[in-house]
1. Expressed as a rounded percentage, what relative contact order does the chain have, with Cα pairs under 8 Å and six or more residues apart?
2. Classify the stretch 1-95 as rounded, prolate or oblate, taking a ≥ b ≥ c as the square roots of the eigenvalues of its Cα gyration tensor: rounded when a/c is under 1.5, otherwise prolate if a/b is larger than b/c and oblate if not.
3. Quick check: pseudo-label points 7 Å beyond the Cα along Cα→Cβ at Ser162 and Asn97, how many nm apart are they?
4. Which of the peptides 144-153, 59-68, 38-47, 107-116 is most tightly packed, and how do the rest follow, going by the mean number of other Cβ atoms within 10 Å of each residue?
5. Calculate what fraction, in whole %, of the accessible area of the stretch 73-191 sits on carbon and sulfur atoms when a 1.4 Å probe is rolled over the protein chains.
6. Once you place label points 7 Å from the Cα toward the Cβ at Glu137 and Ala50, how far apart are they in nm?
7. Over the stretch 56-140, with the other protein chains present, what is the accessible area per residue in square angstrom, probe 1.4 angstrom?
8. Could you work out the relative contact order of the stretch 158-215? I mean the mean sequence separation of Cα pairs under 8 Å and 6+ apart, divided by the number of residues, in percent.
Amino acid sequence: MNAPEEPTPRFAIGEGYAVYRGPTGDSTVHRHAAFQIAVAVRGEISVVDASETCHRATALVVPPMERHRMLAATDLLVFYVEPHCVFADRLRERYGNGVTAAPELRDLREEDIGRAGASPSGELDPRLVEALDVLGERGVPMPVLAALVRLSPQRLRALARSQVGMPLTRWRVWVRLRRAAEALQAGRSPAEAALTAGFADQAHLTRGMREMMGLTPATVLALLRGHSRRAT
């Protein structure tokens, strides 16, 4: 019997989400500004949380800003779902804090997120959703951002912490990483992507991407170009 073919690694960005398909090695400890849904294409996936508890299941949900590391897997499907979309509402409703087994998401596919990834949350304060969208489009100082959404800076910061579990400074980093990934997808080099996204240099981008996604720009670039380099 022939051995199953190795999957061709893939990294793509959609509206409200990103997706990775392929193998992964043991990652460094990191935390996302988005929900992570990790699905084992074969067998189970293992994720170690901040308390060193190992969670094993066919599918796991990791909420935003949960520190964790992923153990090696031969074929994995990982979704990063931004916290201010309708699909994130469903995740908040069903899954609590911490890494959670979600076998019912075993058959989740990119097209299942679809419009729910592009549609704004119906549960979060609409002013916070607007602020996150503004930061997704352009960088603005906090006083200006707060005025745009008709809140004080203090109230906007409090909303972000209470409703999406993170300070807006972390969301800014996530947005910059998204822009960098889009630049890489458009054919820019890691150094060019770093400057385009507002990072000081390529090393700054690499640190941010490793901390938030457990990946490096070189790995993402290889995936976007269809190379079979393993994720780190």
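The values are calculated or read from the model by the stated rules, or taken from the named source; none is laboratory data. Keep in mind that this is a model prediction, so the values were computed, not measured. Reconstructed Cβ throughout: ideal geometry from the backbone, glycine too, with neighbour counts over all protein chains shown. Just so you know, the surface numbers come from the protein's heavy atoms only, side chains and all, with ligands and any DNA or RNA stripped out. Shrake-Rupley method; radii C 1.70, N 1.55, O 1.52, S 1.80 Å.
1. 22
2. On the way: a/c = 1.93, a/b = 1.33, b/c = 1.45.
Oblate shape, in that a/c is at least 1.5 and b/c is the bigger or equal ratio.
3. Going from the Ser162 label point to the Asn97 one covers 1.6 nm.
4. 59-68, 38-47, 144-153, 107-116
5. 50
6. Here the answer is 3.4 nm between the modelled labels.
7. 45
8. After rounding, I find 24 percent.
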